[in-house]
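Single-structure report; data block below.
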Amino acid sequence: MDTRPLEGKTALVTGASRNIGRSVALTLSDAGANIIVNTLQDNAAAEGVAAEIEEQGTGSMVHVGDVTESGVVQKMVDAGIEKFGAIDIFISNASARGQVDFLDMKYENWRRVIDISLDGAFHCTQAILPMMIENGWGRIVTLGGIAWHLGTARRANNLTGKAGLTGFTRALAAEFGDRGITANCISPGAVDTIRPASAGAIPQRAVMPPVPRNAKMDEVASAALFLCHPQQAFINGQVIHVNGGMYMGS
């Protein structure tokens with residue numbers, strides 16, 4: 001594969017100020033893509049990511065905003081198109097956990113966590129897709145997770161949102177696959193990330209995967225790069241598991 005296969009492309013990465021989102025943004029940038037760095041509130045961290053992107057020789061733009069709000073998303077997409085001419089890649093990474101016992105879960109918490117996963121993906125995709133259709137090319141990659149495949153206690157909201165995100169991805173794959181646009185989902189296992197206190201304790205694993213460690217963030221990011229590569233036009237509607245073999249289903 002070319003060393004800069006995404007030269008001239010532009011990617012919007014939500015939740016890109018830290019952890020997997022940051023790693024994906026830097027990986028796509030290293031492959032030649034301009035990056036729109038979205039964050040909910042950590043502007044300083046997002047600006048740091050943007051500076052790293054610029055050092056790699058590609059363009060960047062920071063947009064602080066809540067992806068659950070359609071007006072905010074449209075403003076972000078319009079600004080990205082104005083600066084870069086198009087948005088060719090969408091990485092739906094923004095998410096929240098907020099672990100809590102199901103019987104203690106407030107409806108507001110249930111709704112908020114699901115909305116970040118699903119409404120965020122909906123608003124961003126609906127704003128970006130018309131240009132992808134016009135250009136006859138696009139890559140949509142959503143970030144799911146192993147938890148909803150295996151079942152995890154105290155995360156009913158997060159697992160429901162991630163399960164819905166997989167269905168959303170496959171619906172896009174079916175509807176737009178004949179227009180040069182692919183949609184796929186990456187499902188990471190345990191990843192070495194910096195976890196905020198709101199994420200709660202890391203659940204204990206029942207078994208260790210055949211590859212007996214956590215994933216590195218750049219291993220997840222490299223899967224995103226693979227799916228965004230121009231040569232991968234025939235991979236569509238798939239869930240790509242990056243979990244060391246802990247889960248081997250489809």
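The values are calculated or read from the model by the stated rules, or taken from the named source; none is laboratory data. Everything quoted here is computed from the prediction, not taken from an experiment. Here the Cβ positions follow ideal geometry from the backbone for every residue, glycine too, while neighbour counts run over all protein chains shown.
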Query - Qualifying positions in region 35-66 - polar (S, T, N, Q), closer than 22 Å to S222 by Cβ and over 16 Å from the mean Cα position of the chain (by Cα) - result: Q56, T58, S60
Report task. Report, by residue number, each residue of region 209-242 that is assigned to a loop (DSSP other than H, G, I, E, B) and either over 20 Å from A183 (Cα atoms) or in contact with a helix residue (DSSP H, G or I) (Cβ under 9 Å, 6 or more places away or on another chain) (or both). Result -> P209, P210, V211, P212, R213, N214, K216, Q232, I235, N236, G237, Q238
Query raised in the report: Only one of G167, G161 is loosely packed, with under 14 Cβ neighbours inside 10 Å, within 16 Å of the chain's Cα centre (by Cα) and at pLDDT 95 or above; which?
Result: G167
Report task. Restricting attention to region 41-56, report how many residues are touching a Ser or Thr at 6+ places or on another chain (Cβ under 8 Å) and in a loop (DSSP other than H, G, I, E, B). Result -> 2
Query raised in the report: So, in region 84-132, of the ones that are more than 18 Å from F176 (Cα to Cα) and of a type in the set (F, W, Y), which residue ends up surrounded by the fewest Cβ atoms within 10 Å (Cβ to Cβ)?
Result: Y107
Query raised in the report: Could we say that I146 is at pLDDT below 95, surrounded by 12 or more Cβ atoms within 10 Å (Cβ to Cβ), of a type outside the set (D, E, K, R) and within 27 Å of R111 (Cα to Cα) here?
Result: yes
